[in-house]
Amino acid sequence: MVETSRRREIEDAASSLFSEHGYSGTSVRDIARAVDIQGASLYAHVASKQEVLWSIVERTAVRFEAAAEAVEAADPGGVVFGPGVHLISLVRAHVDVVTDDIERASVFIHEWRALDPGRRDDIARRRDAYEGRFRAAIVNGVQAGAFAPVDPPLTAAYILTALNGLVTWYRPDGRLSARTIADAFADLSLRAVQVPGALP
């Protein structure tokens, strides 16, 4: 229990530092100082700085994947509630993960390329599969006639780029709540694809 708590403390500190200074701009000594232990003592809890980065990125990837899987489980392919509801549910789920832990989300979005090659390839595949859920939702909407005939890969990239941009400006104590942002981004994403006058 103590080890788990200390490990979480280290990952929290590293998330904050990686988010602010980048992976390459953060040293093991910086992380150790943030949790008030000696640099060498950090290795009693984690194998390396790379291992800390992997843990942060992988755990966050799992959260994004689980959120999207929950949307799919609630309405596979959007056949019950319609493609519009399916797409905005994916958008809301993504915003929820980002805003729930902005620093870890920032590390996932900006620092995953600093992973060792094998792990980087794994995350790249998982990111592509995750984006594929948005592409599929858009394809389904186009085929159902609910969405305009947009380019699904381009449109999915457009939506996710906007959503991921949250890590650069969202603040929990800011002017807009996470719920307000989720509502607005869901509406804007739907407007980007929807046939004028069509229902969700």
- Message: For the chain, what does the relative contact order come out to in percent, with C-alpha contacts under 8 Å and a separation of six or more?
- Response: 24 percent
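Please calculate how many Å² of accessible area the chain carries per residue, with a 1.4 Å probe and no DNA, RNA or ligand atoms counted.
Roughly 52 Å² per residue, with all protein chains present.
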- Note on the structure: All alpha-carbon distances of the range 64-157, grouped into 5 Å bins from 0, give the whole-percent distribution 3, 13, 21, 22, 18, 12, 7, 3, 0
- Message: Helix 117-143 against the longest principal axis of the chain: what's the angle in degrees, Cα atoms only, rounded to the nearest 10?
- Response: 20 degrees
- Once both axes come from the Cα atoms, what is the angle between helix 49-74 and the longest principal axis of the chain, in degrees from 0 to 90, rounded to 10? 20 degrees
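Roughly what percent of Cα-Cα pairs across the chain reach past 22 Å?
Values: 10393 of 19900 pairs.
For the chain, the share of Cα pairs beyond 22 Å comes to 52 percent.
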- Message: Between Val97, Val28, Val85, where does the largest GNM mean-square fluctuation fall for the chain, given springs only between Cα atoms within less than 10 Å?
- Response: Val28
- Counting pairs of alpha carbon atoms under 8 Å apart in space and at least six apart in sequence, what relative contact order in percent does the range 116-200 give? 35 percent
- Across 10 Å bins beginning at 0, the whole-percent shares of Cα-Cα pair distances in the range 63-109 come to 29, 46, 21, 4
- At each listed q (0.12, 0.15, 0.16 Å⁻¹), what is the log10 of I(q)/I(0) that the Debye formula gives for the range 117-179 modelled as equal alpha-carbon point scatterers? -0.45, -0.65, -0.71
- Task: Rounded to the nearest 10 degrees, what's the angle between the helix 152-164 long axis and the longest principal axis of the chain, both from Cα atoms, 0 to 90?
- Result: 50 degrees
- Among Ile123, Ile37, Ile102: highest mean-square fluctuation, GNM of the chain, C-alpha pairs under 10 Å: Ile37
- Query: Between the range 9-86 and the range 116-132, what's the alpha-carbon centroid distance in Å?
  - Reply: 14 Å
- Just name one of Gly22, Thr180, Trp54: the one whose Cα is farthest towards the positive end of the charge dipole of the chain (beta-carbon charges, Lys/Arg +1, Asp/Glu -1). Gly22
- Item | Reduced Cα scattering model of the range 95-200, Debye log10 I(q)/I(0), q = 0.16, 0.21 Å⁻¹ | -0.81, -1.14
- Under a GNM of the chain (C-alpha, springs under 10 Å), which listed residue has the highest mean-square fluctuation: Gly22, Gly145, Gly118? Gly118
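Between Phe81 and Tyr158, what is the FRET efficiency for a Förster distance of 22 Å, r being their Cβ-Cβ separation, to the nearest 0.05?
On the way: r = 23 Å, r/R0 = 1.05.
Once rounded, the FRET efficiency stands at 0.45.
The values are calculated or read from the model by the stated rules, or taken from the named source; none is laboratory data. Keep in mind it's a predicted model, so treat the numbers as computed, not measured. Counting neighbours? That spans all protein chains shown, and the Cβs are built from the backbone with ideal geometry, glycine included. Just the protein is used for accessible areas: all its heavy atoms, side chains included, with ligands, DNA and RNA removed. Shrake-Rupley method; radii C 1.70, N 1.55, O 1.52, S 1.80 Å.
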